[in-house]
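Peer 1: Below: one structure in structure tokens.
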Amino acid sequence: MAVFVALGAFVMTLVGGWTARRVTDRRHLVLGLAGGLMLGVVGLDLLPEALDAAGGPVFGVPAALLLFVAGFLAAHVLEHLLAQRQAAHGADEHEHGRAPEVGLTAAGAMVGHSMMDGIAIGAAFQVGGGMGLAVALAVIAHDFADGFNTYTITRLYGNARRKAMTMLLADAAAPVVGAASTLLFTIPEQLLGAYLGFFGGVLLYLAAAEILPEAHHDHPARSTLLCTVAGAAFIWLVVGFAG
């Protein structure tokens, strides 16, 4: 049953990626929306879950927040190192100095997150009492944003459309694989919370340092800002209805 329900997440992820691909003629609006969706996912979904699950404080600071900062810094350092390596190989002319590997790494993180979503579905069905259906509906609802963001961020860093589609397909399949894996094992809640905190930091860095500045660079229009607000508001509605 968990695997069957996870197929809904598969479809919604593909729909999100297809939407991002079809509106490339409004790139600034796509990026503005993606930034809002990522901000909403981090602040309204990932961090609250991480704070609940990651355990107690470490030297006066919740473990989830320490990992959140670590994820933000890790993304920043990774991008800096890849950009340095690219410059050392004479690739200074690359668009905005972005390394395609950063986009693929970020998309890979999205795939890992989607697999965790599938594991959450499977674990909730093991608990029973309607919990599985509730978690599944929440995952399916926000997997549109996951697919949208996976395709957008892969292309933002200069990767070919084929690679973006490959990452989108992997992201769509991940919840199904994750749900199926719960037939064999479960992930401890504290470890899952730690992962969510770290991943939230990575996403916030990409949204704040890359996607939103790019969205407003050539088109500092009110419509772009409205798309960002709409993306965050959409996640708020998803979290509210799921709760």
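Peer 1: Give me the percent of accessible area attributable to carbon and sulfur for the range 19-79, probe 1.4 angstrom. The partial results should precede the final answer.
Peer 2: Details: 2080 of 3030 Å².
Ligands and nucleic acids excluded, carbon and sulfur reach 69 percent.
Peer 1: Calculate one ³J(HN,Hα) per residue across the range 56-73 by plugging θ = phi - 60° into the Karplus curve 6.51 cos²θ - 1.76 cosθ + 1.60, and present them in order as whole Hz with x for glycine and proline.
Peer 2: Using θ = phi - 60°, the values come out as x, x, 10, 6, x, 10, x, 4, 4, 6, 4, 5, 4, 5, 4, x, 4, 5 Hz.
Peer 1: Around VAL58, which amide H atoms from residues at least 5 apart in sequence, or from another chain, sit under 5 Å from its own amide H, with H modelled in the peptide plane?
Peer 2: The answer is ALA63.
Peer 1: Beyond 14 Å, what share of the Cα-Cα pairs of the range 179-226 remains, rounded to the nearest whole percent? Could you put the intermediate results ahead of the total?
Peer 2: On the way: 763 of 1128 pairs.
Considering the range 179-226, 68 percent of its Cα-Cα pairs are separated by more than 14 Å.
Peer 1: Ok, one more. Output the peptides 29-40, 155-166, 197-208, 48-59 sorted from most to least packed, where packing is the average of other Cβ atoms within 10 Å over each peptide's residues. Write out the running numbers ahead of the final one.
Peer 2: Values: 29-40: 26.7, 155-166: 17.7, 197-208: 24.3, 48-59: 15.3.
Packing order, densest peptide first, comes out as 29-40, 197-208, 155-166, 48-59.
Peer 1: Turning to a different aspect of this structure: Convert each backbone phi in the range 103-112 into a coupling constant with the Karplus relation 6.51 cos²θ - 1.76 cosθ + 1.60 (shift: θ = phi - 60°), then list the ³J(HN,Hα) values in order as whole Hz, x for Gly and Pro.
Peer 2: Karplus-based 3J(HN,Hα) across the range 103-112 equals x, 5, 5, 5, 5, x, 5, 4, 4, x Hz.
Peer 1: Could I ask something else about it? Looking at the square roots a ≥ b ≥ c of the eigenvalues of the Cα gyration tensor of the range 1-70, which shape do they give, rounded for a/c under 1.5, prolate if a/b is larger than b/c, or oblate?
Peer 2: It comes out oblate by the Cα gyration axes.
The values are calculated or read from the model by the stated rules, or taken from the named source; none is laboratory data. Since this is a predicted model, take the numbers as computed values, not measurements. Counting neighbours? That spans all protein chains shown, and the Cβs are built from the backbone with ideal geometry, glycine included. Accessible surface is based on the protein model in full, side chains and every heavy atom, while ligands, DNA and RNA are left aside. Shrake-Rupley method; radii C 1.70, N 1.55, O 1.52, S 1.80 Å.
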